[in-house]
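Below you'll find the structure, written out as structure tokens, and then a few comments.
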Amino acid sequence: MGFMTAQEYIESLRKLKTVVYLFGERVENFVDHPVIRPSINSVAMTYALAQNPEYQEIMTAVSNLTGERINRFCHIHQSTEDLINKVKMQRLLGEKTGACFQRCVGMDAFNAIYSTTFEIDQKYGTVYHQRFCDYMKYVQEKDLTIDGAMTDPKGDRGLSPSRQEDPDLYLHIVEKRQDGIVVTGAKAHQTGAVNSHEQLIMPTIAMREADKAYAVSFAVPSDAKGITMIYGRQSCDTRKLEEGGCMDCGNCKFGGQEALVAFDRVFVPWERVFLCEEYEFAGIMVERFAGYHRQSYGGCKTGVGDVLIGAAALAAEFNGVEKAAHIKDKLIEMMHLNETLYCCGIACSAEGKATESGNYQIDNLLANVCKQNVTRFPYEIARLAEDIAGGLMVTMPSEKDFNSPEVGALCRKYFKGSSKVDVMDRMKVLRLIENMTLGTAAVGYRTESLHGAGSPQAQRIMIGRQGGLDEKKKLARNIAGIMDI
């Protein structure tokens, strides 16, 4: 109970009838599509490592709902140790894939909805929490991958959901029936949506009574009637369609994905509804999810950072400059920045506290500090990696040129680095750095570091709210001997 193998996960996706579009065409077999498959391989790694006894402590946990051992991605955090192990797990997976492994959003949604539904029930006497616990037992037993979907397209950012010219720019309830609800709208930038068994929906902002139709949380299968997914483009993604080897892809096996998920009158039975018009709880759910997800970046980004730092060190060695003092110093700076990100992820976990429902919430201030650092440090780590790699990273010929009977010998002759290293190995590591800083993996490292789990200003607002500035002023008054005004 509670565990799928990596291959079973891949085969389970084949059973879905998910509607997926890519490059303007319906993709009938998305599992084996060369653009999509690397992202599926990343998710599969979350299943493979959970089967490995070496990683049992951080990849698995004991369910508080069933008492069974389960994949940690399906777990409701029960202690600060759980929160810390979550970050350690994310770093490990970042190291193994060098990409986004996509199950974090679902895990973070589980924990945000778990505590929020408990508090809604306390106020209104509803049964959302029991519904959600029943849903979680199902998810844990099947070891499902769930897309935690929060971000709406939003339209005019200056207008609330109910004042938009097009009401569908925020996902909303269009009908309440005896057997459930009907929803229309969309969720944008959805990490791993195509690779997920189900979509777990949350509101995207705090709301007022006028917006109550938009205050909704529910779960539906990814192939539910009325759901269409449009796969997001990534830089250099068509390289995966080219014949031959994988040198030009950089990361030959793994990748990430995002999609627009459109809902056209999708029916949701009541047993799958966890918030329905209790608008004052929308902001609470959003804030809790954001806190968990900002904690997550202290793990996944450091793991991917480990790979990038290693690639930069290899590039220096393959270029024959690994002993240069300035190269050593740049690598040290990269490690310093990366470990600082990890420190914040661990710190906000260690300072976590139990919620009324019993699961553990991270320290929200430190989680926002963690994510604020993530909006900055990966950019500097990437810059230093590009500095060490050299300009050839973005000017080298293609793999086909290196294998060409006519010009291959010239490429291999003039792009040789250290005599101890095969020229093709030098090209591979440069392509990996290009992929991680500029190409498809940059979506899961560089750009996502800025916008994932909220833009930089979102964290600054939360830091301002939770930083305790008035208390700090009192400390200064006391030390200086200044009377309160």
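Annotations for the structure displayed:
- Rounded, prolate or oblate (a/c below 1.5 giving rounded, otherwise prolate when a/b exceeds b/c) for the stretch 248-399 by Cα gyration tensor: oblate
- For K323, the lysines whose Cα falls under 20 Å of its own Cα, not counting residues fewer than eight places away in the same chain, are K416, K420.
- Estimated distance in nm for a label pair at E95 and Q130, the labels positioned 7 Å out from Cα along Cα-to-Cβ: 4.5
- Beta bridges per DSSP with both ends in the stretch 118-254, % antiparallel, nearest 5: 70
- The smallest convex shape that holds all Cα atoms of the stretch 81-162, its convex hull, gives 163 Å³ per residue.
- Separation of the D179 and R477 label points, Cα + 7 Å toward Cβ, nm: 6.3
- Packing, as the average of other Cβ atoms within 10 Å across residues, places the peptides 342-349, 395-402, 301-308, 209-216 in the order 301-308, 342-349, 209-216, 395-402, highest first.
- Volume per residue that the Cα convex hull of the stretch 200-298 spans, once the total is divided by residue count, Å³: 151
- Where a label projected 7 Å from the Cα of K253 along Cα→Cβ would reach, residues of the stretch 2-34 with amide N under 18 Å: 5-11, 32-34
- A straight Cα-to-Cα reach below 18 Å connects K176 with the lysines K212, K225, residues fewer than 8 places away in its own chain not being considered.
- Each peptide in 82-95, 271-284 receives the mean, over its residues, of other Cβ atoms within 10 Å, and ordering these scores from highest gives 82-95, 271-284.
- Cα shape, the stretch 7-153, gyration tensor, a/c 1.5 rule: oblate
- Efficiency of FRET between V394 and E339 - r from beta-carbon atoms, R0 30 angstrom, step 0.05: 0.60
- In degrees, nearest ten, helix 377-389 long axis to first principal axis of the chain (Cα): 10
- Gap separating the Cα centres of the stretch 219-274 and the stretch 323-343, nearest whole Å: 35
- Environment charge at A259 (Cβ cut-off 10 Å; Lys +1, Arg +1, Asp -1, Glu -1): -1
- Among the listed pairs K88/K371; K96/K400; K15/K88, those beyond 23 Å (Cα-Cα): K96/K400; K15/K88
- Of the solvent-accessible surface of the chain, computed with a 1.4 Å probe and all protein chains present, 53% belongs to carbon and sulfur.
The values are calculated or read from the model by the stated rules, or taken from the named source; none is laboratory data. Everything numeric here is computed off the predicted structure, so don't read it as measured data. Neighbour counts are summed over all protein chains in view; Cβ atoms, including those assigned to glycine, are modelled from backbone coordinates with ideal geometry. Only protein heavy atoms, including side chains, enter the accessible area calculation; ligands, DNA and RNA are left aside. Shrake-Rupley method; radii C 1.70, N 1.55, O 1.52, S 1.80 Å.
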